[in-house]
Amino acid sequence: MLQPKLKSKVRCTDLDIGEVTKVVLDPLSHEISHIVVSMNGSGERQVAMGHVQAVTDDFVQLRAPSTDILALPPFRREDYVTTHEVEISHLEDNIHVTPGEVLVPLPELEKNVKRRAFFMNFTHVIGFLIGLPIAYPIVRFLMKPMYASFDNEWLNVGNVSKIKHDDVGVQFKYKKKVKEAYMPEYEVEKNVWVLRATSELLEKVYKDKDMDFHDAKGKTIWTNKKTIPYVAFSGKCPHLGCAFKWRQHKTLGQVFLCPCHLSIYDAAGKVLDGPAPRALDALPVRVSAGGDVEIIDMEFKAGTKSQIRIV
């Protein structure tokens, strides 16, 4: 029997039903196992070669009536790949059809992608669980600095004898040892501004209530009492973290002035002018009986309206 050719007319026992649009190749025998017939507007049907009675150069005769062929399931193109997509050795020796679509069934493993993906993911999970006991201590060590608690130790920055006048900013410089992640410990020079405040200035700073400071968990670590006449401000401008100075302004009098972008603050830390988004950051402060000034060194995120501690 001749092999069916693409575009060949297809006739059932009762009438012509369409033409051959594709042929399906058995990947093991390399023989045509089915023809795909376009049913004159009724979709495509896959017809086994067992239904073929005779084949000529341009004609295929079927053994069945048209009703039997129409009852076959519609052809599912997604179940097949072309012979261009798979390698079949010596194909040219076994099949001789005019150019067009020659199909082979999609392998079962390829058709069941969800099942294969499940087993692949399952293998990954098993590998992860096996490696977790080894990786966990390493990851924990690497991430530890990210979750280190804030340093809330008190630092001695000088003596109040340095302050000569009320409501005047006095800079206290100090050195602090810093340990960042896995870098060696090093020392940095920092500063804080301290004022001996009058009752009027204290009212502006505290607004008739004490000022609480909290740790990362929200627990109160210190309270600046509104009656204690000493106020300490972080030495970093809340705008972009620049260092500021206590200066005489020609119209505003004595103020804190940041030279970077000209933010201006009064002695109570309130913003008078410039781009600063919030007042100066007050720090926990206490003064011993001998006049030693101690602070808890805190740093806050620059450029935000709300005060967010970062160190």
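So, in segment 11-38, of the ones that are hydrophobic (A, V, I, L, M, F, W, C) and more than 59 Å from the chain's Cα centre (by Cα), which residue ends up nearest to Val55 (Cα to Cα)?
Our first condition is that a residue be hydrophobic (A, V, I, L, M, F, W, C); within segment 11-38, this holds for 12, 15, 17, 20, 23-25, 28, 32, 35-37.
So of that shortlist, the ones also more than 59 Å from the chain's Cα centre (by Cα) come out as 12, 15.
Details: Cys12: 12, Leu15: 16 Å.
Among those that are hydrophobic (A, V, I, L, M, F, W, C) and more than 59 Å from the chain's Cα centre (by Cα), it is Cys12.
For segment 173-186, indicate whether the set of residues that are touching a Phe, Trp or Tyr at 6+ places or on another chain (Cβ under 7 Å), surrounded by fewer than 17 Cβ atoms within 10 Å (Cβ to Cβ), of a type in the set (D, E, K, R) and closer than 16 Å to Asp151 by Cα is non-empty.
no
Looking only at strands (runs of 3 or more DSSP E) that fall completely inside segment 47-86, which ones have 1 or more residues that are out of contact with any Cys (no Cβ under 6 Å at 6 or more places or on another chain), modelled with pLDDT under 90 and not charged (D, E, K, R)?
So the answer is 80-82.
Filter segment 32-71 down to the residues that are surrounded by fewer than 17 Cβ atoms within 10 Å (Cβ to Cβ) and farther than 15 Å from Val10 by Cα and list them by number.
Scanning segment 32-71 gives a single hit, Ala71.
Of all residues in segment 179-219, how many are of a type in the set (Gly, Ala, Ser), assigned to a loop (DSSP other than H, G, I, E, B) and either out of contact with any helix residue (DSSP H, G or I) (no Cβ under 6 Å at 6 or more places or on another chain) or within 23 Å of Phe256 (Cβ to Cβ) (or both)?
3
Suppose we keep only residues that are more than 22 Å from Arg309 (Cα to Cα) and touching a residue at least 60 places away in the same chain (Cβ under 8 Å) within segment 196-228. Which one would you say is surrounded by the most Cβ atoms within 10 Å (Cβ to Cβ)?
Out of the qualifying residues, it is Ala197.
Can you name every residue in segment 2-31 that is under 18 Å from Val102 (Cβ atoms) and either of a type in the set (Asp, Glu) or surrounded by fewer than 19 Cβ atoms within 10 Å (Cβ to Cβ) (or both)?
Residues of segment 2-31 that are under 18 Å from Val102 (Cβ atoms), as a first pass: 2-8, 10, 19-31.
Once the filter is applied, which keeps residues that are under 18 Å from Val102 (Cβ atoms) and either of a type in the set (Asp, Glu) or surrounded by fewer than 19 Cβ atoms within 10 Å (Cβ to Cβ) (or both), segment 2-31 yields Leu2, Gln3, Leu6, Lys7, Glu19, Thr21, Asp26, Pro27, Leu28, Ser29, His30, Glu31.
The values are calculated or read from the model by the stated rules, or taken from the named source; none is laboratory data. In this text the structure is predicted, and so the values were computed from the model without any measurement. No Cβ is skipped: glycine too gets one built from the backbone with ideal geometry, and neighbour counts run over all protein chains shown.
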